[in-house]
Amino acid sequence: MNRVPSVVLILVLLAGLSACQRSPHQDTRYQCAEQRVETRLGEHRMQLRLPERDLVLDAVVSASGARYEDADGNGFWSKGPTEALLRLQGGAWVNCESTEARSPWVAARDRGVVYRAVGQEPGWVVEVGLGEAPAMTLVMDYGQRRLEIPRARRLEGDAGYVGEAGDVAVSLHILREACTDVMSGEAFPTRAELRLDEAIYRGCGHELSP
C-alpha cells in the first residue's frame, strides 16, 4: 500500500541530489590581488573570465582542491569554498578570496563594451561600444557628471575616438603601452588620454573582447 508514496519520495530525493550536483556550475567571483575575476564551471573544465577576455581551462589532477590549467600557463586552483590561487601566463600563483562584487570589466564586456578606461583624482570612467560609429559613455568627477556621445568617430590607426557630447568636444587617445593605476596599483595594457574641451585626464584601460 505504501509503494507509490515511496516511489514519489525517491524521485524527490533524486531531484534534490541533481540540484546539488548542478550547484557548482554557478558563477563565482574572486578578488585576486588587484584584479577581480569570475569563474564558470562546466564538466571537466572552467571558463575563467578576466577583465579583457575569457579563458577555457581544463581540469587536471590535483592532490587537493580543484585545479584547472591550459597550455599557455594559465591556471586556477580552488582551495576551498572561499579561497583559491590564480596564475596567468606562467607567472607566480596569486592568492584569491571569494567576493560578492562583480568585475566592472567583465560586466562591461557583457554589455558589449570594447574599450574601457579609468582615471583618478578626480575619478572618471569612459566606455566605448561596438560598431564603426560606437556610442561612448563618460562618467566624470566620481560619478557627479555623465556625458553621452551617440555616435563617435574613430581616429586613424585605431588610435582612439572623437565626438561631441552636447557642446563639449571629446577625444579619447589610446596608447598601446603598459600603464599602472596610481590608486590601486593594477596593471593595464594601454594608457588613455581623455580630453574634454581644454581639460585633459590621464588613465589606464583595457581593450575588451565581447
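The condition of being assigned to a helix (DSSP H, G or I), basic (Lys, Arg) and out of contact with any Asp or Glu (no Cβ under 7 Å at 6 or more places or on another chain) holds for Arg109. Reported count of residues in region 65-104, each being surrounded by 11 or more Cβ atoms within 10 Å (Cβ to Cβ) and among the aliphatic types (A, V, I, L, M), is 6. Looking only at residues of region 41-64 that are surrounded by 15 or more Cβ atoms within 10 Å (Cβ to Cβ) and part of a strand (DSSP E or B), we find that the one that is nearest to the chain's Cα centre (by Cα) is Arg49.
Any residue at all in region 46-64 that's without any contact (Cβ under 8 Å) to a residue 24 or more places away in the chain and basic (Lys, Arg)? No: zero hits.
Evaluated against (1) on the phi < 0 side of the Ramachandran plot; (2) exposed (fewer than 14 other Cβ atoms within 10 Å of the Cβ); (3) of a type in the set (Phe, Trp, Tyr), Tyr161 falls short on exactly one condition, (2). Given the structure, is Ala63 modelled with pLDDT under 95 and outside the structural domain of Phe188 (by TED's automatic domain parsing)? It is true that Ala63 is modelled with pLDDT under 95 and outside the structural domain of Phe188 (by TED's automatic domain parsing).
Each residue in region 173-199 was checked for being in a strand (DSSP E or B), among the β-branched types (Val, Ile, Thr) and more than 19 Å from the chain's Cα centre (by Cα), and 1 pass.
Please enumerate the residues belonging to region 75-106 that are in a loop (DSSP other than H, G, I, E, B) and among the polar types (S, T, N, Q).
Here is the first cut: in region 75-106, the residues in a loop (DSSP other than H, G, I, E, B) are 79-82, 88-93, 99-103.
Matches in region 75-106: Thr82, Gln89, Thr99, Ser103.
The values are calculated or read from the model by the stated rules, or taken from the named source; none is laboratory data. Just so it is clear, the model here is predicted, and its values are computed rather than measured. Using ideal geometry, Cβ is built from the backbone for each residue, glycine included, and neighbour counts are taken over all protein chains shown.
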